[in-house]
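Note sheet for the following structure.
Nothing in this text is a laboratory measurement; each read-out follows from the coordinates by a stated rule. Every value quoted in this text rests on a predicted model; they were computed, and no experiment measured them. Methodologically, a virtual Cβ is constructed for each residue, glycine included, from the backbone with ideal geometry; neighbour enumeration extends over all protein chains shown.
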Amino acid sequence: MLIVHVFVHVKPEYVEAFKAATVENAQHSIQEPGIARFDVIQQRDDPARFVLVEVYRSDTAPAAHKETAHYQKWRDAVAEMMAEPRSSIKYANVSPGDEGW
């Protein structure tokens, strides 16, 4: 498993549009065989900040995800909504049973 947290800061006027585009992308993403989980979470005290929690079944799945039409549509749709460039951190699951996700 590869877990990626993508940190997104959106311009305040685009919060609702970003949420709509990102939820649509997540709905398609979880149908990909290489994705075990794809959550969109919004910061409570700053609603213009989001974290995308992406759980991939392999180290090659993120590259396959970026080749999909839904990802490319999302990437292009949200490009101008960003208050700053996205950043990410990659994690490995160290708890037992991760193969069952």
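Would you confirm whether any residue within segment 23-37 is acidic (Asp, Glu), surrounded by 16 or more Cβ atoms within 10 Å (Cβ to Cβ) and over 17 Å from Val6 (Cα atoms)?
Yes, the conditions are met somewhere in segment 23-37.
Which fully enclosed helices (runs of 4 or more DSSP H) of segment 4-101 have 1 or more residues being among the polar types (S, T, N, Q) and in contact (Cβ under 8 Å) with a residue 40 or more places away in the chain?
So the answer is 15-29.
Test Arg75 against the stated conditions and say whether it is within 12 Å of Val4 (Cβ to Cβ), among the basic types (Lys, Arg) and under 11 Å from the mean Cα position of the chain (by Cα).
Considered against the rule, which asks whether it is within 12 Å of Val4 (Cβ to Cβ), among the basic types (Lys, Arg) and under 11 Å from the mean Cα position of the chain (by Cα), Arg75 comes out as no.
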